[in-house]
Amino acid sequence: MINIIRQQSGNYASSFGAVISSLITFIGWQNSRGNLIPLMDYNQEDLTGGNLKYTNKSSIKYIFRFTALLSFISTCMNTPKTFEFYPFLQYTTFIIDVICAIILTIEATLIMKTRGILVNDSSYLRNRWKQFDAIMVLCIYFSIILQMFEFIGIIKEYSYWTIIRSPRPFILINVLKTFLRFKLPKNQIRSIVQRSSSQIYNVTVFFLFFMSLYAILGVQFFGSLTFHCVRIGTDLNNVTKSDLMIPDTYCSPTTDGFHCPEYFICQKLEIPRNLRGYNGFDELATSFFSVYESASQEGWVFLMYQAIDSLPSWRAFFYFITLIFFLVWLVKI
């Protein structure tokens, strides 16, 4: 009887303790609710201005977001092959860009008129998201001007100036702003930012160090690989594809590396960069790009085979095995 009473008392005590623990947890959660701030509430900056009657309307916001999506689609259509198959899209993308630029300029003008440009703390250029929006609008205007010059013939189509269009796909972030929104406590956000920023910094420094190291080693180990197997009697000033081995094979004029078969001879050829590709170890910039290509694990074996055929094989084995180890495996870990 006494054991039963003790057991029941123990159960009551356990239940009472569980209730107290739940109350404490609930009270702590209620107190921490005021500490919650939006981690990805992209539209929070629009709520600080009480006079933004039009831009804060959901329908107007969706119009601006649709305009950003339209600009993104226009950027995707602006490719050489697309214009080659559908020439009318050149003018379609130009008209779309002009319309998007006008609408997004109106949005920026309304916000500037209400908040100011730079004076107040809530002004347009004091807000980072609005700075991002301004950069996107400027990229659209630059793209319009570039396309006008291409129509007139002042600038050749798809020249190096077209790199101006490269940041434009980031305008898709403006579309996502409407849909992505969740909240976390301030301390947790601060902890996440500190931890992630520290890890990103360490990995970036580690990666750039080995990228630079192997770019320099590539220039020192290999240099310019220009010897190819060609038919005997080939005019080196007028080399055609039929004069080369199939596939094109690198070779070595010394005892190391690959030696050309019968009816072929190893000759130094100065092939233009646009024909032979932009990778290699000719200079530091090209070597840096080749190291990045190898670190992505795409096409690095062809570079290794070229080095093996042109120079002593141990150089290529040592270089590429250690490169893959440090720049691929360790970075992933």
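Run through all the Cα pairs of segment 201-319 and give the fraction in each 5 Å bin from 0, expressed as whole percent.
Cα pair-distance distribution for segment 201-319, in percent: 2, 11, 19, 22, 18, 13, 7, 4, 2, 1, 0, 0.
Compute the signed sum of charges (Lys and Arg +1, Asp and Glu -1) over the other residues within less than 14 Å, Cβ to Cβ, of ALA215.
Numbers: positive: none; negative: ASP282, GLU283, GLU293.
Cβ neighbours under 14 Å give a net charge of -3.
If I take every Cα pair under 8 Å that is 6 or more residues apart in segment 42-183, average their sequence separation and divide by the length, what percent do I get for the relative contact order?
32
Let me check I've understood the local charge: for GLY116, count other residues with C-beta under 13 angstrom from its C-beta, Lys and Arg +1, Asp and Glu -1. What total comes out?
Summing Lys and Arg as +1 and Asp and Glu as -1 gives +3.
Could you tell me how far the Cα centroid of segment 217-257 sits from the Cα centroid of segment 280-333, in Å?
19
Going down the list LYS81/LYS241; LYS113/LYS177; LYS156/LYS268, which pairs span over 31 Å between their C-alpha atoms?
The answer is LYS156/LYS268.
Give the relative contact order (percent, whole number) for segment 124-244; include only Cα pairs under 8 Å separated by 6+ residues.
16
Before anything else, pin down the relative contact order of segment 280-333: Cα pairs under 8 Å, at least 6 apart, normalised by residue count, whole percent. Before the final figure, lay out each step's value.
Details: 25 pairs, mean separation 15.2, N = 54.
In percent, rounded to a whole number, it is 28.
Give the residue list of chymotrypsin sites (Phe, Trp or Tyr not before Pro) in segment 182-231 that are DSSP loop and have at most 12 other beta-carbon atoms within 10 angstrom.
The qualifying sites are PHE182.
Excluding residues on the same chain fewer than 8 positions from LYS130, give the aspartates and glutamates whose Cα lies under 15 Å from its Cα.
Correct list for LYS130: ASP41, GLU45, ASP46, GLU107, ASP121.
Please list log₁₀ I(q)/I(0) at q = 0.14, 0.16 Å⁻¹ for segment 142-229, using the Debye equation with identical point scatterers on the alpha-carbon positions.
-0.95, -0.95
Rule-based calculations on the coordinates, nothing more; no lab input. Computed from a predicted structure; not experimentally measured. Cβ: placed from backbone, ideal geometry, glycine included. Neighbour counts: every protein chain shown.
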